[in-house]
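Below is one structure, written out as structure tokens; the observations come after it.
Bear in mind these aren't lab numbers, they're just calculated from the coordinates by the rules spelled out. Not measured: the values here are computed from a predicted model. Cβ placement follows ideal geometry from the backbone for every residue including glycine, while neighbour counts extend to all protein chains displayed.
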């Protein structure tokens, strides 16, 4: 599945062959990405990335999550997708990251906007949550720009590299928040 955003940007549903592109960016940008993403420290080989991609692509239907690569002019730019989806209560969490080379172009903001539209209108999700590490202002601006409501701080909500906990700012958007 491909979700078009604009003439240059598309979201491509994750496939097994994406692991090489994903690992290449992770491996070349460990310092940049590892500051906020706990899985970077544990991703030591392309095999680790392939194992993650395989777990998403071949997940049982009851545990399936939509995850997409962000493609800009056909080039891999980042990932975004849902996690911990609660189908019974029609809610999910959205996570994302982008290569440093594609920062500050509005790519993630537009990608998040598009995937939220997909979630609300195609998957019939009622609530989407985004959690951003305190201090990660770039990530935090995305839910703010898109009208998500700040709900509070999840204290020590994520374990980062170096065995350090970070607080998370929690934002949410409801289908009823849409115009």
For this session: Can you grab the distance from the C-alpha centre of region 25-77 to the C-alpha centre of region 141-175, Å, no decimals?
Result: 20
Problem set entry | P(r) tail fraction, region 1-157 - alpha-carbon pairs more than 23 Å apart, % | 36
For this session: Starting with the highest mean, order 136-145, 123-132 by the number of other Cβ atoms within 10 Å, averaged over the residues of each peptide.
Result: 123-132, 136-145
Exercise. Which percent, to the nearest 5, of DSSP beta bridges fully inside the chain are antiparallel?
Worked result: 90
For this session: Name the shape class, rounded, prolate or oblate, that the alpha-carbon gyration tensor gives for region 1-62, where a ≥ b ≥ c are the square roots of its eigenvalues, rounded holds for a/c under 1.5, and otherwise prolate holds if a/b is larger than b/c and oblate otherwise.
Result: oblate
